[in-house]
Every structure is written in C-alpha cells, then in structure tokens.
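A.B. asks: My questions all concern the structure below.
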Amino acid sequence: MNNLQLKTTADGSSTIYHKELDEHYHSIHGALQESVHVFIKSGLNYFQNKYPFNKTINILEIGWGTGLNCILSILCKNPLNQIIEYSGIEPYPVNLDIIENLNFNFNEEEIKLFYKIHQLKWDEKHFINSCFQLTKHSKGFNNFKSSKTYDIVYFDAFAPKKQPSIWTSDVFTKLYEYLNTNGILVTYCAKGQVRRDLESVGFYVERLKGPPGKREMLRGIKIIKK
Ligand SMILES: C[S@@+](CC[C@H](N)C(=O)[O-])C[C@H]1O[C@@H](n2cnc3c(N)ncnc32)[C@H](O)[C@@H]1O
C-alpha cells in the first residue's frame, strides 16, 4: 500500500497526504499560499528587510519534505545578493515519482530547478547559484548536530497532535541554542501550548495573521535581554 498520495489544495497547488498519519504536508486551503505566507514573507523577507547588511543568511528547515519552502527561498528576490546557506532536514525523503507529479504552478525553468534540487546528493553541500547553497540532511532533527548557527528556522514538522515528539520544549531549546541573536523561528502552528513552550525556552513570540484558512501563525525571536 502506498502511504503517500498526491492531493490538490484550494489554490490549485499540490500537497501530499500521509495516510498512516492522516495528515497533509501542507494546508489544504492552499499549499503554495501557506509556504509563501509563513516561511517566505513572515520568515525570509522579514529577516532580509530587518537585516539588509547581513552578508549571509543561514536557514535551517525542520521537515524538508517536498522542498517547496526551499525552492521558494531560491526563487525569492534577493536584491542585496545576500548569501543564503540552507540546511534542510528530512528523515523520509519523498520518492521522485511523487515529486514529478507535484504542481506548484512553476514555469519550465523553475520545474527544472525543482527536479535538480531533488536529485542532488544528500548530506553534501551544493552551490545552486552564486547566492544560494543547499545541504539536505537525511536524518531526523533528533539525530542532527551542527557546528553552525542559524538566522532563520522554518519549523515545518507535522502538526503537534500527529507528531508530538517534535513539538517539545527540548526541541525548542535546541533550536534556540542553534539560533544567532535576533534569529527567528517561523511556524504555521498557532497552538497556545506551542506558543507558551516557545516562550518558556526564551523566545519572544509574535502571533501573526495566518495564511488563507488559518487565523494565526507564530514567529519566535531570539532576543537577548541586556
Ligand atoms: C509538514 S511535512 C513537510 C513539509 C515540507 N516543508 C514541504 O514543504 O513539503 C513534515 C515533514 O517533516 C518530516 N519529518 C518527520 N520527522 C522528522 C524529524 N524527526 N525531523 C525532521 N523532519 C521530520 C516528514 O517526513 C515531512 O516531510
């Protein structure tokens, strides 16, 4: 039995349905809209606007999945040519035959790029263009160790009720330690318990307007009080 099934979401873009978990990889109200709103606009664009003089922006994604957040980050406008170093963590890479059937409304060039990032070897650094470096880590965050620190965490794990083991204060503490001062964590999840847990490990948490179909999302900021 195939555990992963393609689905079309409300904005016409695809997602994957995980049968065993009874969970989608993205919002059924619009996969593309959700990624753009939560991770690109409230994450990468927010950080670029706030810190235009940072030469490098290090991004860590928990749950690389279809690579949608990654390709949107590559395609994102980068007027100051900041170098983006992107680390995606994924213990269960999606098969290429599913990837080839996803529709994110990309043009031909973008589709080629999308396949290219999926075909890249895992656990090696790749130079996608002069401003974008990508490493895909084939492991779970529980087994991930890094000597690097990060500016942005895209926290895109399955929902807390489906994968509670990754929405814990221990995981948030580890992420807080991996973040640079003023670094941010963005997630589509707006649950009160998640917000309180993020606050309890030190994040200043903002409740932001959510993507279509969701009232709110969260952005945690690592502010070091003087
Ligand atoms: C909500 S889906 C991913 C969405 C993904 N960002 C995308 O745009 O397709 C959650 C992802 O987290 C991955 N995952 C499961 N356990 C994980 C773990 N321990 N660490 C990191 N990722 C995990 C799943 O395999 C899945 O690809």
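A.B. asks: So which of HIS18, HIS26 ends up being touching a Ser or Thr at 6+ places or on another chain (Cβ under 6 Å) and within 14 Å of the ligand (Cβ to nearest atom)? Reasoning before the result, please.
C.D. replies: On the way: HIS18 fails: touching a Ser or Thr at 6+ places or on another chain (Cβ under 6 Å).
Residue meeting the stated conditions: HIS26.
A.B. asks: Does segment 77-106 hold any residues that are more than 13 Å from the ligand (Cβ to nearest atom), open to solvent by less than 20 Å² (accessible area, probe 1.4 Å) and in a loop (DSSP other than H, G, I, E, B), and which are they? Walk me through it before giving the result.
C.D. replies: Within segment 77-106, the subset more than 13 Å from the ligand (Cβ to nearest atom) is 77-85, 96-97, 100-101, 103, 105-106.
Going one step further and asking which of them are open to solvent by less than 20 Å² (accessible area, probe 1.4 Å), we end up with 82, 84.
Result: GLN82, single match.
A.B. asks: Still on this structure, I have one more. Does segment 199-212 contain any residue that is closer than 18 Å to LEU60 by Cβ and free of Cβ contacts under 8 Å to residues at least 12 places away in the same chain?
C.D. replies: no
A.B. asks: Quick check on segment 1-13: of everything there that is open to solvent by 10 Å² or more (accessible area, probe 1.4 Å) and in contact (Cβ under 8 Å) with a residue 60 or more places away in the chain, which residue is nearest to the ligand (Cβ to nearest atom)?
C.D. replies: Here the answer is LEU4.
A.B. asks: Of the residues ASN78, ASN107, ASN103, which is under 20 Å from SER14 (Cα atoms) and touching a strand residue (DSSP E or B) at 6+ places or on another chain (Cβ under 8 Å)?
C.D. replies: Values: ASN78 fails: under 20 Å from SER14 (Cα atoms); ASN107 fails: touching a strand residue (DSSP E or B) at 6+ places or on another chain (Cβ under 8 Å).
Result of the check over ASN78, ASN107, ASN103: ASN103.
A.B. asks: A further question on this structure: Tell me which residues, restricted to segment 48-73, are more than 17 Å from PHE141 (Cα to Cα) and open to solvent by 10 Å² or more (accessible area, probe 1.4 Å).
C.D. replies: Matches in segment 48-73: GLN48, ASN49, LYS50, TYR51, PRO52, PHE53, ASN54, LYS55, THR56, LEU72.
A.B. asks: What number of residues within segment 132-170 satisfy the criterion of being under 22 Å from MET217 (Cβ atoms), more than 14 Å from the ligand (Cβ to nearest atom) and exposed (fewer than 15 other Cβ atoms within 10 Å of the Cβ)?
C.D. replies: Let us first name the residues in segment 132-170 that are under 22 Å from MET217 (Cβ atoms), namely 141, 150-169.
Applying the additional criterion that residues be more than 14 Å from the ligand (Cβ to nearest atom) yields 150-151, 169.
After this cut, where a residue has to be exposed (fewer than 15 other Cβ atoms within 10 Å of the Cβ) as well, the list is 169.
The number of residues fulfilling the criteria is 1.
A.B. asks: Okay, next question. SER35 - would you say it is modelled with pLDDT of 95 or more, open to solvent by 10 Å² or more (accessible area, probe 1.4 Å) and near the ligand (Cβ under 10 Å from one of its atoms)? Walk me through it before giving the result.
C.D. replies: Values: modelled with pLDDT of 95 or more: yes; open to solvent by 10 Å² or more (accessible area, probe 1.4 Å): no; near the ligand (Cβ under 10 Å from one of its atoms): yes.
No: the conditions fail for SER35.
A.B. asks: What residue, among those in segment 184-217 that are in contact with a Gly (Cβ under 8 Å, 6 or more places away or on another chain) and among the hydrophobic types (A, V, I, L, M, F, W, C), is surrounded by the most Cβ atoms within 10 Å (Cβ to Cβ)?
C.D. replies: Ranking the candidates gives VAL186 first.
A.B. asks: Let me ask something else about it. Would you point out which residue out of LEU113, LEU120 is in contact with a His (Cβ under 6 Å, 6 or more places away or on another chain) and away from the ligand (no atom under 12 Å from the Cβ)?
C.D. replies: Numbers: LEU113 fails: in contact with a His (Cβ under 6 Å, 6 or more places away or on another chain).
That would be LEU120, the only listed residue that is in contact with a His (Cβ under 6 Å, 6 or more places away or on another chain) and away from the ligand (no atom under 12 Å from the Cβ).
A.B. asks: Which of the residues that make up segment 14-35 are part of a helix (DSSP H, G or I) and free of Cβ contacts under 8 Å to residues at least 60 places away in the same chain?
C.D. replies: Of all residues in segment 14-35, those part of a helix (DSSP H, G or I) come to 31-35.
Selection gives SER35 alone.
A.B. asks: Does segment 46-76 hold any residues that are in a strand (DSSP E or B), of a type in the set (Val, Ile, Thr) and over 20 Å from ILE16 (Cβ atoms), and which are they? Before the answer, list the steps.
C.D. replies: First pass over segment 46-76, keeping only residues in a strand (DSSP E or B): 56-62.
Checking the rest, the ones that are also of a type in the set (Val, Ile, Thr) come to 56-57, 59, 62.
THR56, ILE57, ILE59 - these are the residues of segment 46-76 that are in a strand (DSSP E or B), of a type in the set (Val, Ile, Thr) and over 20 Å from ILE16 (Cβ atoms).
The values are calculated or read from the model by the stated rules, or taken from the named source; none is laboratory data. This is a predicted model, so every value here is computed, not measured. Glycine gets a Cβ as well: all are built from the backbone with ideal geometry, and neighbour counts include every protein chain shown. Quick note on the areas: whole protein, heavy atoms, side chains included, nothing else; ligands and nucleic acids left out. Shrake-Rupley method; radii C 1.70, N 1.55, O 1.52, S 1.80 Å.
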